[in-house]
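The values are calculated or read from the model by the stated rules, or taken from the named source; none is laboratory data. Please read all numbers here as calculations on a predicted model, not as lab measurements. Cβ coordinates were reconstructed from backbone atoms using ideal geometry, including for glycine residues, and neighbour counts include every protein chain displayed. For accessibility, only protein heavy atoms count, side chains too; no ligands or nucleic acids. Shrake-Rupley method; radii C 1.70, N 1.55, O 1.52, S 1.80 Å.
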Amino acid sequence: MRQHVASLFNDLPIHRKFLLISAIPLAALIVLSLMTYSTVQTFSQDEERLNNLYLTEKAAAQYMRLVVDLETGFRGYVLTEQDRYLRPYRVAQEGILAIAHDLKDRISGDALQQFQDIQRLVTQLIAEKEELIQAIKSGRKQNALQYIEEGRGRVLMVEIRDRMVHFDQLEQQRVVEELAQLSQDRTSTLFVILGGGIFTFCLIVSALYLIARSIAVPLVNLAKAVGSSSVELVPDIPALERKDEIGDLTRGMHQMGAQIRGHLEDVERSEAALRRLNEHLLASESKYRSLVDHAPFGIFTTKGTEITFSNRYNQLLAGFDPDEPMDPAAFRQRIHPEDRDRVVSEFAHAVAGARQYETVFRFLHRDGAVRKILSRRLPIKDGASDLPVYVAFNIDITALDDLQSRLSRSEKLATLGQVAAGIAHEIRNPLVGIGSTASLLLDEFPDADPRRADIDLILKETRRLDRIVNQIVEYARPRDLAPVRFALQDVVDEAVKLLETPLRAKQLAVKSSLSPALSPLHADRDQVKQVLLNIVHNAIDASPVGGDAVDITAYELPHNGRPGVIVKVADAGVGISSDALSHVFEPFFTSGKPRGTGLGLAICRNIIESHGGEIHMTSEVGKGTVVRIWLPLGQTHAMGKG
């Protein structure tokens with residue numbers, strides 16, 4: 001009977017054996033999973049409540065710090081009467097309101113009642129402070145000083161602190177209770193998991209034992225039959241009299257062995273030929289991949305418009321690290337925003353017609369560096385795909401474009417230098433005579449003479465013409481650099497001091513926030529100050545009367561491997577149109593200044609570039625303009641000339 005049952009079990013298909021044997025442990029595993037899920041849910045809820053208590057204590061501590069900051073800011077304002085001390089006071093006041101709202105949502109019961117009492121005291125404290133601030137602004141500072149001397153605010157602060165201590169004690173008690181509950185739930189979870197796991201493990205082991213007797217034993221015997229045969233020959237596998245998959249396997253292997261032995265020699269010959277061919281292909285692939293990766297220009301391929309391969313140099317052109325993995329789709333994001341839509345659209349049209357495509361565009365790096373690229377893309381045949389495959393080449397023409405721009409500017413400067421010399425010679429002498437004669441005439445006319453106004457006008461226009469001549473000569477013949485080490489903050493303060501008159505006339509202020517860790521700058525101090533004067537003066541001219549402050553910021557930022565400093569001057573003025581923005585650094589181009597010469601920004605660019613730096617401008621009509629200057633922290637010997 002036992003042998004008959006074993007024979008019936010052996011004849012069953014393997015999947016039915018597994019279904020039959022695994023039913024009991026599977027049911028036990030499902031029950032264990034449900035119990036484990038329930039206990040884990042309880043454990044997660046405990047952790048969530050504990051985390052909420054932690055956030056509550058953290059918010060309470062921050063709330064108390066903000067109350068102290070409020071008191072400190074108020075005392076600073078009372079003692080100095082300077083509005084800048086009110087900023088930490090206002091920040092603390094806003095933070096107190098925000099944190100109070102958050103705490104009310106997190107607490108309940110006695111803790112909520114305790115916090116409401118604290119909030120009422122804080123509200124009283126703020127109301128007293130606001131009343132005293134208004135008294136100071138109306139000239140009654142003595143009330144605030146008396147308030148501080150009598151320590152009335154200190155009494156409220158002590159009571160607030162005592163109530164916060166009691167509030168913390170309530171929260172600590174809740175933490176202890178939650179930790180105890182968490183420990184109990186953890187123990188329960190471990191007991192369920194370990195006990196149920198051991199029981200399930202025993203059932204699984206029993207089921208595996210039954211499966212092993214039916215499947216593993218004949219497979220072991222089959223392995224022994226294979227191992228006992230000669231290594232050089234395909235073994236003769238005995239066929240088992242079973243109706244399951246193992247019986248079918250042994251019968252199939254018995255038939256297949258005879259066929260395999262007949263083809264062994266052909267396989268060995270083919271293997272030797274394939275080995276030689278593979279070695280040749282690997283050598284060729286290595287050689288050509290090395291050539292592509294180390295080519296001095298960018299090489300990439302596309303399938304349709306999607307990039308499928310890029311060599312190392314092409315990744316460098318786009319500003320990526322070639323040693324780090326990257327998404328090929330990221331190349332499109334590195335195309336300059338002003339060129340991206342054009343390049344994508346034109347290339348899509350070329351792909352639609354399977355035509356070659358050539359264009360010039362720019363890559364914009366994360367650090368602001370720009371690379372100008374000549375790109376040519378050629379379609380190649382690929383019968384395995386409906387989309388055309390392109391092989392493309394990117395050539396860096398940044399240096400060539402820069403040389404062309406410099407050559408063009410040099411030619412203009414050479415011509416302008418000759419013209420400026422003639423202007424200086426032909427105009428300055430008459431101007432000196434006109435100015436001197438007008439000054440003498442002004443001294444001869446009495447103060448009440450109406451002709452004095454005409455003479456004053458002549459003198460002003462004479463000075464303006466002389467200034468224009470000086471700007472033309474300075475642009476055409478830049479001075480040699482005289483670099484010294486100086487603190488940028490000092491130059492910014494001097495420039496703002498010199499512009500006090502136009503600032504008062506426009507009722508504007510200048511807000512400067514330079515990094516305190518800024519290193520000293522090694523540059524021509526006078527020329528850097530001239531650049532700041534010109535740019536800040538332009539910002540003042542563009543700003544409306546009583547408008548927002550002109551913002552000057554500076555911080556260190558390396559560029560192309562050189563340490564340097566970024567200086568930004570931002571205004572909230574009328575802005576510059578996109579058409580005019582591309583010409584602002586060209587000589588004699590002016591926008592919005594009827595009496596301007598159009599040389600100020602051109603001279604600024606000459607000065608910045610003579611220091612090895614860069615200057616850029618962004619603007620939006622109606623919102624303002626930002627001028628961004630990058631200067632190296634030090635000057636090399638080659639940059640010692642202007």
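Which three semi-axes in whole Å describe the equivalent ellipsoid of region 484-572, each the square root of 5 times a Cα gyration tensor eigenvalue, listed largest first?
Result for region 484-572: semi-axes of 25, 14, 11 Å.
Determine the share of the chain's accessible area contributed by carbon and sulfur atoms, expressed in whole percent, with a 1.4 angstrom probe.
Reported share for carbon and sulfur atoms: 58 percent.
About the Cα centre of the chain, how large is the charge dipole given +1 on each Lys and Arg Cβ and -1 on each Asp and Glu Cβ? Please answer in debye to the nearest 20.
740 debye
Quick query: amide H of Ser512 versus all other amide H atoms, modeled in the peptide plane; which residues come in under 5 Å with a sequence gap of 5 or more or a different chain?
Ile552
Ordered by residue, what ³J(HN,Hα) values in Hz, to whole numbers, does region 441-454 give under the Karplus form 6.51 cos²θ - 1.76 cosθ + 1.60, where θ = phi - 60° and Gly and Pro are x?
Taking θ as phi minus 60°, the curve returns 5, 5, 5, 7, 7, x, 4, 7, 5, x, 6, 4, 4, 5 Hz for region 441-454.
What residues qualify as long-range amide H neighbours of Leu387, i.e. H under 5 Å apart, gap of 5 or more or another chain, H built at 1.01 Å from N?
Those qualifying (amide H under 5 Å, at least 5 residues apart or on another chain) number zero.
Residue by residue through region 484-501, what is 3J(HN,Hα) from phi via Karplus (6.51 cos²θ - 1.76 cosθ + 1.60, θ = phi - 60°)? Round to whole Hz and write x for glycine and proline.
Using θ = phi - 60°, the values come out as 9, 8, 7, 8, 4, 4, 5, 5, 4, 4, 5, 4, 5, 4, 5, 9, 4, 4 Hz.
Just flag the chymotrypsin sites (Phe, Trp or Tyr not before Pro) in region 283-324 sitting in loop per DSSP whose Cβ has no more than 15 other Cβ atoms within 10 Å.
Phe297
Select from Gly353, Ala28, Trp630 the residue farthest towards the positive end of the dipole of the chain; place +1 on Cβ of Lys and Arg, -1 on Cβ of Asp and Glu, and compute about the Cα centre.
The one lying farthest along the dipole's positive direction is Gly353.
How much accessible area per residue does the chain have, counting only protein heavy atoms and a probe of 1.4 Å, in square angstrom?
Result: 60 Å² per residue.
Rounded to whole Hz and in sequence order, give me ³J(HN,Hα) for region 119-136 from the Karplus expression 6.51 cos²θ - 1.76 cosθ + 1.60, θ = phi - 60°, writing x for Gly and Pro.
So the J values, rounded to whole Hz, are 5, 5, 5, 5, 4, 4, 4, 5, 4, 5, 5, 4, 5, 6, 5, 5, 5, 5.
Considering the convex hull of the alpha carbon atoms of region 314-380, report its projected area averaged over all viewing directions, in nm², one decimal.
Mean orientational projected area (region 314-380, Cα hull): 4.9 nm².
Counting each pair of different Cα atoms once, what's the Kirkwood radius of region 341-401 in Å, rounded to one decimal?
Answer for region 341-401: a Kirkwood hydrodynamic radius of 12.9 Å.
How would you rank 266-275, 447-456, highest first, on the average number of other Cβ atoms within 10 Å across their residues?
Final packing ranking: 447-456, 266-275.
On a 0 to 90° scale, report how tilted helix 2-11 is relative to the longest principal axis of the chain, with both axes built from alpha carbons and the result rounded to the nearest 10.
Once rounded, one gets 40 degrees.
List every residue whose amide H lies under 5 Å from the amide H of Asp524, counting only residues 5 or more places away in sequence or on a different chain, with H placed 1.01 Å from N in the peptide plane.
HN-HN under 5 Å from Asp524: Ala482, Val484.
Can you tell which of Ile107, Gly433, Tyr89 lies farthest toward the positive end of the dipole of the chain, using +1 and -1 charges on the Cβ of basic and acidic side chains (Lys, Arg; Asp, Glu)?
Positive-most Cα among the choices belongs to Gly433.
What is the packing order of peptides 62-75, 337-350, taking the mean over residues of other C-beta atoms within 10 Å and listing the highest first?
Output ranking for 62-75, 337-350: 62-75, 337-350.
Measure nothing but the geometry: give the 0 to 90° angle between the long axis through the Cα atoms of 14-80 and the longest principal axis through the Cα atoms of the chain, rounded to 10°.
That works out to roughly 20 degrees.
Mind pulling the angle between the C-alpha long axis of helix 245-293 and the longest principal axis of the chain? Nearest 10 degrees, somewhere in 0 to 90.
On a 0 to 90 degree scale, this one is about 20.
Taking Cα Rg over 2.2 N^0.38 Å as the quantity of interest, determine which of (1) 1.37; (2) 1.64; (3) 1.28 was computed from the displayed structure.
Computed from these coordinates, Cα Rg over 2.2 N^0.38 Å corresponds to label (2).
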